[in-house]
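Student: Sharing a structure with you now.
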Amino acid sequence: MASNRKSALNAMMKHRKRLDEQPMRLLFALDPNRFKRFTVSAGDLLLDYSKNRIDEKVMDTLFELARKAGVEDRRKAMWGGKHINITEDRAVMHMALRNQGDKPVKIDGKDVMPDVRAVLAAMKVFTEQVRDGSIKGATGERFTDIVNIGIGGSDLGPVMATLALEPYTRADLRLHYVSNVDGAHLHDTLKRLDPKRTMFIIASKTFTTDETMTNANSARGWIAAALGDAAVNDHFAALSTNLAACDAFGIRADRIFGFWDWVGGRYSVWSAIGLPVALAIGFDNFAAFLKGAYDMDQHFLKNKLERNVPVIMALLGVWYRNAWGFATHAVLPYDQRLSRFPAYLQQQDMESNGKSVNLEGKPLDYESGPVIWGEPGTNGQHAFYQLIHQGTSVIPADFLIAAQPHEDMAPHHEKLVANVFAQSEALMLGKTKEEVVAELTAQGLSKEQIKALTPHKLFPGNRPSNTLIYPKLTPEMLGMLVALYEHKVFVQGAIWNVNSYDQWGVELGKQLAKALLPKVQGSVANEGNDSSTKGLLAHYRKLRG
Ligand code: G6Q
């Protein structure tokens, strides 16, 4: 860290020592206003961050760190269209994709809003025509199934949003997502589909990604085999920045939806990459999803750091990562429909801040992004929560819960809510020796039994969590939530002084397999690799006969 960052980090360490002596249980007992003091809202979304190892002095130090790290200037630079993605020399402007303002938004001197609006308008027309049946397959049948072929940023966002917004989808128009180059993924998806009623969307920013192009070619073969080559024209659409490659693949011009190099893959669900979501939930609902994100952008851009939800979440993450050394962070939505939200955030966060050099190319001498993981509650409670409560690692967690379900199915939702509140309370309070002994005594256990059992039934507590609570998981609210985490990642990247917008680790994967493929296929001699790789190749070839 630059020296001003360094001094802020040292200040954090001092607070850590102090807070070590003051568990949250005590902090809550001393301050009846703690909930009020440590909650903040963005529109209808409330963040309760009172169950963290913090007091006002800690928060002041963290806000000072954000200021010293230049978070506000960097925020301005991003929205000002500066090329903050320095290694790829690109602006980072996903906020333009959901912008609802009427002022020009310039990148390199050009207002990008007319192009953004033109693509959205084309997506709207296409979406409505597919949904009302006026766009048909080659044999004149309506489309009932749409298969999106894409991977990484061209898959995770749309999958996550389609699942999350299931109540807004139609039973007679089903969305499927194929990402893995493993033939099983495409095979098992197509198994139950009828080519006459199936449309493919090829989603790829570059239109060169091997997994996607392999799946796309196989899908094209499937359509051609069933309906003839000419049918490809009616059964394919593409989402890409590489319009020439879409054309070369054989996709007609009015079914190609473009976007731009200033949209990072993992930030592209708001662009043409969101087309499958729009098809699933209808364009108006997709527009509401964009509007929710825009509202969060306004909150992020306009609010001072102390009342800024993404900034606060980011700072708490930095606090745990750098002052306490906690290596992972769990995202635990109490919403079955957010089942892919943790996986989506895994890419958003880990691909963005999984970096070990700073913007100047120097190695970091502090930790950067944590491992992000999670599953919906209550399922996780019956699986890995054991470790969160009693394991040797401390895992800060975000709980997410809606007040209103979409279903009228009492008592399900009340039970869900009771569980999520109970978990964060239990993590914070823990269970003391006195409490365990009292509990076991009340159960009538002998002294010896109590002595033997007590250590196993102790809960250390003081385990931190945030709770995000909102009225209902509507398209707007989902947009807010996704944008909230995007900005959280941005703020952390600014504090850690890394480029959150490149992904050289992903590019490596794109190159490596290419070199090995001829050896796997047997067209090139098995030599030149390390002995393990050589041995595995030889064994594989033996198994394949
Ligand atoms: C995202 C990454 C990566 C990318 C995929 C797919 O930020 O760059 O996950 O989205 O590799 O790339 P294409 O969209 O170009 O096929």
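The values are calculated or read from the model by the stated rules, or taken from the named source; none is laboratory data. Just so we're clear, the structure is a prediction, and the values are computed from it rather than from any experiment. Cβ coordinates were reconstructed from backbone atoms using ideal geometry, including for glycine residues, and neighbour counts include every protein chain displayed. Note: areas computed on protein heavy atoms with side chains; ligands, DNA, RNA excluded. Shrake-Rupley method; radii C 1.70, N 1.55, O 1.52, S 1.80 Å.
Student: Quick one: ranking SER352, SER446 by accessible area, 1.4 Å probe, largest first, what do you get?
Tutor: Numbers: SER352 0, SER446 45 Å².
Listed by decreasing accessible area, they come as SER446, SER352.
Student: Report, in whole Å, the centroid distance computed from the Cα atoms of region 290-347 and region 10-68.
Tutor: 16
Student: On a 0 to 90° scale, report how tilted helix 412-429 is relative to the longest principal axis of the chain, with both axes built from alpha carbons and the result rounded to the nearest 10.
Tutor: Result, in degrees: 50.
Student: Next question, about the same structure. Measure out, as a whole number of angstrom, how far apart the alpha-carbon centroids of region 479-501 and region 367-419 sit.
Tutor: Their Cα centres are 22 Å away from one another.
Student: Name the shape class, rounded, prolate or oblate, that the alpha-carbon gyration tensor gives for region 1-125, where a ≥ b ≥ c are the square roots of its eigenvalues, rounded holds for a/c under 1.5, and otherwise prolate holds if a/b is larger than b/c and oblate otherwise. Please report the intermediate quantities before stating the final value.
Tutor: Numbers: a/c = 4.04, a/b = 1.85, b/c = 2.19.
Because a/c hits 1.5 or more and a/b fails to exceed b/c, region 1-125 counts as oblate.
Student: Also, quick follow-up: Taking a probe of 1.4 angstrom, what is the accessible area of TYR320 in Å², to the nearest 10?
Tutor: TYR320 has an accessible surface of roughly 10 Å² with all protein chains in place.
Student: Return the FRET efficiency for the residue pair ASP60, SER393: r is the Cβ-Cβ distance, R0 is 30 Å, and the value is rounded to the nearest 0.05. Spell out each step's value before the answer.
Tutor: Values: r = 28 Å, r/R0 = 0.94.
Using R0 = 30 Å, I get an efficiency of 0.60.
Student: Moving on. How high is the FRET efficiency between ALA121 and GLU425 when r is their beta carbon distance and R₀ equals 45 Å, given to the nearest 0.05?
Tutor: With a Förster radius of 45 Å, E is 0.40.
Student: Tell me the angle of helix 3-20 to the major Cα principal axis of the chain, expressed in degrees between 0 and 90 and rounded to the nearest ten.
Tutor: Its long axis makes an angle of about 50 degrees.
Student: Not counting ligands, DNA or RNA, and with a 1.4 Å probe, what is ASP73's accessible surface area in Å² rounded to the nearest 10?
Tutor: Taking all protein chains as shown, ASP73 has close to 100 Å².
Student: So, one more: Give the shape of region 200-255 as rounded, prolate or oblate, defined through the alpha-carbon gyration tensor: a ≥ b ≥ c are the square roots of its eigenvalues, a/c under 1.5 means rounded, and otherwise the shape is prolate if a/b is larger than b/c and oblate if not.
Tutor: The shape class here is oblate.
Student: Tell me the net charge near VAL125. Cut-off is 12 Å between Cβ atoms, VAL125 excluded, with +1 for each Lys or Arg and -1 for each Asp or Glu.
Tutor: Overall, the nearby charge balance is 0.
Student: Can you compute the radius of gyration and Dmax for region 60-196, using only the Cα atoms, both in Å?
Tutor: 20.7, 66
Student: Something else about it: Taking a cut-off of 17 Å between Cα atoms, list the aspartates and glutamates near LYS415, but don't count ones fewer than 8 places away on the same chain.
Tutor: Qualifying aspartates and glutamates at Cα under 17 Å: ASP335, GLU407, GLU425.
Student: Please compute the length gained on full extension between ALA515 and LYS472, using 0.36 nm multiplied by the number of residues separating them and subtracting their Cα-Cα distance. Provide the component values of the computation, followed by the final result.
Tutor: Values: separation 43, 0.36 × 43 = 15.48 nm, distance 4.86 nm.
Between ALA515 and LYS472, full extension yields an extra 10.6 nm.
Student: Treating the angle as unsigned and between 0 and 90°, give the value, to the nearest 10°, between the Cα long axis of helix 447-457 and the longest Cα principal axis of the chain.
Tutor: Long axis of 447-457 versus the principal axis of the chain: about 40 degrees.
Student: For region 145-225, restrict the atom set to alpha-carbon positions and state the Rg and Dmax in Å.
Tutor: Answer for region 145-225, Rg first and Dmax second: 12.3, 35 Å.
Student: Separate question: Using +1 at the Cβ of each Lys and Arg and -1 at the Cβ of each Asp and Glu in the chain, identify which of THR162, GLY522, ALA248 lies farthest towards the dipole's positive end.
Tutor: GLY522
Student: Among ARG67, ARG53, ARG98, ARG192, what's the order by accessible area (1.4 angstrom probe), most exposed first? If you can, show how the numbers build up before the last one.
Tutor: Values: ARG67 100, ARG53 25, ARG98 0, ARG192 185 Å².
Sorted by accessible area, descending: ARG192, ARG67, ARG53, ARG98.
Student: Let me ask another. Under a straight-distance cross-link criterion of Cα-Cα below 13 Å, which aspartates and glutamates are reachable from LYS36, leaving out those fewer than 8 residues away in the same chain?
Tutor: Here the aspartates and glutamates satisfying the reach criterion relative to LYS36 are ASP48, ASP55, GLU56.
Student: Now for a separate question. Counting each DSSP H run of 4 or more residues in the chain as -39500 (n - 2.57), what helix-only mean residue ellipticity at 222 nm follows after dividing by all residues, to the nearest 500 deg cm²/dmol?
Tutor: Dividing the helical sum by the residues of the chain leaves -15000 deg cm²/dmol.
Student: At a Förster distance of 45 Å, what's the computed FRET efficiency of ARG142 paired with ASP111, Cβ-Cβ distance as r, to 0.05?
Tutor: Efficiency for this residue pair is about 0.70.
Student: So which aspartates and glutamates pass the test for LYS76, namely a Cα distance under 19 Å, with those fewer than 8 places away in the same chain ruled out?
Tutor: Once the sequence-local aspartates and glutamates are set aside, what remains near LYS76 is GLU64, ASP89, ASP102, ASP108, ASP111, ASP295, ASP297, GLU306, GLU486.
Student: To continue, here is another question. Amide H of ASP145: which non-local residues (sequence gap of 5 or more, or other chain) have their own amide H closer than 5 Å, using H built in the peptide plane?
Tutor: Under 5 Å from the amide H of ASP145 lie the amide H atoms of ARG174, MET199, each far enough along the sequence or on another chain.
Student: How much of ARG307 can a 1.4 Å solvent probe reach, expressed as accessible area in Å² and rounded to 10?
Tutor: 110
Student: Now, a different point. Taking a ≥ b ≥ c as the square roots of the eigenvalues of the Cα gyration tensor of region 299-453, is the shape rounded (a/c under 1.5), prolate (a/b larger than b/c) or oblate? Could the numbers behind the result be given before it?
Tutor: On the way: a/c = 2.34, a/b = 1.44, b/c = 1.62.
Note, shape of region 299-453 comes out oblate.
Student: Mind ordering 82-88, 175-181 by average Cβ neighbours within 10 Å, highest first?
Tutor: Ranked by mean Cβ neighbours within 10 Å, highest first: 175-181, 82-88.
Student: Would you mind telling me the antiparallel percentage of the DSSP bridges in the chain, rounded to 5?
Tutor: 30
Student: In whole Å, how far is the Cα centre of region 147-198 from that of region 220-287?
Tutor: Rounded to whole Å, the Cα centres lie 13 Å apart.
Student: For Cα pairs less than 8 Å apart in space and 6+ apart in sequence, what is the mean separation divided by the residue count of the chain, i.e. the relative contact order in percent? Don't skip to the end; give the middle numbers.
Tutor: Working: 878 pairs, mean separation 103.9, N = 545.
After rounding, I find 19 percent.
Student: Of GLU128, GLU211, which has the most accessible area and how do the rest follow, probe 1.4 Å?
Tutor: GLU128, GLU211
Student: How large is log10 of I(q)/I(0) for the chain at q = 0.08, 0.11 Å⁻¹ when the intensity is taken from the Debye formula with one equal scatterer per alpha-carbon?
Tutor: Each listed q corresponds, in turn, to -0.60, -1.06.
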